[in-house]
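In what follows, a single structure is set out as structure tokens and then discussed.
No value in this document is a laboratory result; all are computed from the given coordinates. These figures come from a predicted structure and were not determined experimentally. With ideal geometry, Cβ positions are generated from the backbone for all residues, glycine too; neighbour counts draw on all protein chains shown.
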Amino acid sequence: MPKHNGAVIEEIVRTRIVRLDAIVQGVGAGLLIGLGIFIATNWLVVKGGNPVGPHLSLLGQYFIGYRVSFIGSLVGFGYGFLIGFIGGYAVAQIYNRIVDWRLRPP
């Protein structure tokens with residue numbers, strides 16, 4: 001039984017829409033996490049106090065070179081972008097593999 005034109009278009013749209021672009025997902029997640037660390041660090045630097053950001057400074061245990069300072073916010077942005085990119089890329093790849101597996105013909 002041949003498919004009519006609407007079913008063919010629906011199948012094309014369905015198979016094209018459900019896949020994620022892993023690079024875009026990685027860049028988006030990386031920017032979100034990197035900017036989050038950058039803004040939080042600079043917010044505490046501007047706010048000041050003694051000591052400045054004791055809780056956020058614990059990121060220095062994981063991110064080599066990170067401090068609650070302007071330079072540290074740039075270092076934190078770099079680490080946050082890297083971690084976010086890897087996480088976002090991995091999630092998109094896993095999602096796409098699951099979609100391929102589910103759309104596989106029986």
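Observations on the structure shown:
- Gained length - L103 relative to V46, 0.36 nm times residue gap less alpha-carbon distance: 15.3 nm
- Span-like helix ranges in the chain, DSSP H, alpha carbon extent 27 angstrom or more, Kyte mean at least 0.0: 22-47, 70-103
- Over the C-alpha atoms of the stretch 20-103, the Rg to Rh ratio, Rh being the Kirkwood estimate, stands at 1.17.
- In the chain, helical runs assigned H by DSSP with n ≥ 4 each contribute -39500 (n - 2.57); averaged across all residues and rounded to the nearest 500, the mean residue ellipticity at 222 nm is -24500 deg cm²/dmol.
- One decimal place: the segment Y95-F70 gains 5.3 nm when fully extended, by the rule 0.36 nm per residue minus the C-alpha distance.
- For T41, the shell of other residues with beta-carbons less than 15 Å away shows a net charge of +2, using +1 for Lys and Arg and -1 for Asp and Glu.
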